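I have placed the structure first, in the form of structure tokens, so that the comments after it can refer back to it.
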Amino acid sequence: MKIFKSKHKLKKEISNIKNISFVPTMGGLHKGHISLIKKSQSFGAKTLVSIFVNPKQFNEKKDFLNYPRNLKKDLKILKYLNTDLVYIPHLKDIFSFKVKNKIFLDKFSKKLCGRSREGHFKGVLNIVNRFLELIKPRYIFLGIKDFQQSYLINKHILKTKIKTKVINCKTIREKNGVACSTRNNNLNLHQYKIASNVIKYLKNKKRMIKKNLYNFRLADIKKDLIKLGVSKIDYIEVYNLKTLKKPKHTREKFRIFIAFYLNKTRLIDNI
Ligand code: AMP
């Protein structure tokens, strides 16, 4: 496993590698990240994992500072997985060059997380655009847990004609149903139990909505979630994955998208 902190050294190393599979992360690695890395390795190209907590995608400094980090453990996991290349840039290293492609922000960026996290997706695309220019990967592996993020990265790639293919990876969950997330490290046992009850409730709700699309009100769901112990609901929406609009027929495939707070910890999921 080769670790790089400088883009120049990384560029030199990868200049002769034809196909790279890229897995961007913010560290605090868990089973979700591991599944992305394993999927990437199954594609046969060299796998490059980046670890970078991108300050530009946090809209509150406190949230950025509280984001769980554990580089030592991350490197142990990456070594165990036989990861080929790891890039851990400093802020300056990744932000100190001029990029060729302008960021394309699709209008879907205004919905869901875009409504309450001003500048978040611009910050995400800024860093991803830089990584893509530097690494020029054949594939980029992204989790559909962050469906909106993956969707917007794909739109940017298509619009700017970058030759990287997005591979969407399924959401990995803990035994209690909660999606693995670095932010789960900030939950106490009680909050973790509430998170689990939220997922159980939403899975059940989805089954009911599938049976009778008209028989639900988001306001009622919100009330139920507060009763379960959720501190605040940022949003809850039911969207058809293709049209990104509310489904009109029970035949349509849809997901329930949610962002909620347990005390200060914000979790997102789609079910
Ligand atoms: P993050 O480190 O949170 O920025 O996530 C890095 C990548 O891992 C993103 O593409 C996420 O969508 C993905 N990811 C995060 N959590 C999960 C999960 N539970 N299952 C699958 N992929 C995930």
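Search the range 143-168 for residues that are assigned to a loop (DSSP other than H, G, I, E, B) and pair each with any residue that is surrounded by fewer than 19 Cβ atoms within 10 Å (Cβ to Cβ) and of a type in the set (D, E) when their beta-carbon atoms are under 9 Å apart and the residues are at least 6 apart or on different chains. Hits for this filter: I162/E133. Filtering the range 1-44 down to residues that are in a loop (DSSP other than H, G, I, E, B) and among the basic types (K, R), which residue is modelled with the lowest pLDDT? My answer is K18. For the residues I140, I144, the requirement of being within 13 Å of the ligand (Cβ to nearest atom), surrounded by fewer than 18 Cβ atoms within 10 Å (Cβ to Cβ) and either more than 18 Å from D63 (Cβ to Cβ) or under 11 Å from the mean Cα position of the chain (by Cα) (or both) singles out I144. S196 meets each of the listed conditions (1) within 19 Å of S50 (Cα to Cα); (2) surrounded by fewer than 19 Cβ atoms within 10 Å (Cβ to Cβ) apart from (1).
Among the residues of the range 169-183, just one is within 7 Å of the ligand (Cβ to nearest atom) and free of Cβ contacts under 8 Å to residues at least 40 places away in the same chain, namely R173. Inclusion of K5 among residues that are more than 24 Å from K165 (Cβ to Cβ) and more than 15 Å from the ligand (Cβ to nearest atom) is warranted. When E13 is tested against (1) surrounded by fewer than 17 Cβ atoms within 10 Å (Cβ to Cβ); (2) within 16 Å of the ligand (Cβ to nearest atom), exactly one condition is not met: (2). Within the range 156-167, one or more residues are within 12 Å of the ligand (Cβ to nearest atom), more than 23 Å from K203 (Cα to Cα) and in contact with a helix residue (DSSP H, G or I) (Cβ under 9 Å, 6 or more places away or on another chain). Among the residues examined, S42 qualifies as assigned by TED's automatic domain parsing to the domain that holds R130, within 21 Å of the chain's Cα centre (by Cα), of a type outside the set (A, V, I, L, M, F, W, C) and away from the ligand (no atom under 12 Å from the Cβ). Remark: pairs (first residue in the range 78-103, polar (S, T, N, Q); second residue crowded, with 18+ Cβ neighbours inside 10 Å; Cβ separation under 6 Å; 6+ apart in sequence or on different chains) = T83/T47; T83/V49; N101/N129. Just to be sure, is G123 closer than 22 Å to K39 by Cα, within 16 Å of the ligand (Cβ to nearest atom), in contact (Cβ under 8 Å) with a residue 12 or more places away in the chain and of a type outside the set (D, E, K, R)? Here the answer is no, as G123 does not meet what is asked.
Tell me the helices (runs of 4 or more DSSP H) entirely within the range 45-130 that contain at least 1 residues that are β-branched (V, I, T) and crowded, with 16+ Cβ neighbours inside 10 Å. Talk me through it step by step, then tell me what you get.
Working: elements: 61-66, 71-80, 91-95, 113-116.
Fully inside the range 45-130 and qualifying: 71-80, 91-95.
The values are calculated or read from the model by the stated rules, or taken from the named source; none is laboratory data. The model shown is predicted, which means the values in this text are computed figures rather than measured ones. Note that each Cβ is placed from the backbone with ideal geometry, even for glycine, and that neighbours are counted across all protein chains shown.
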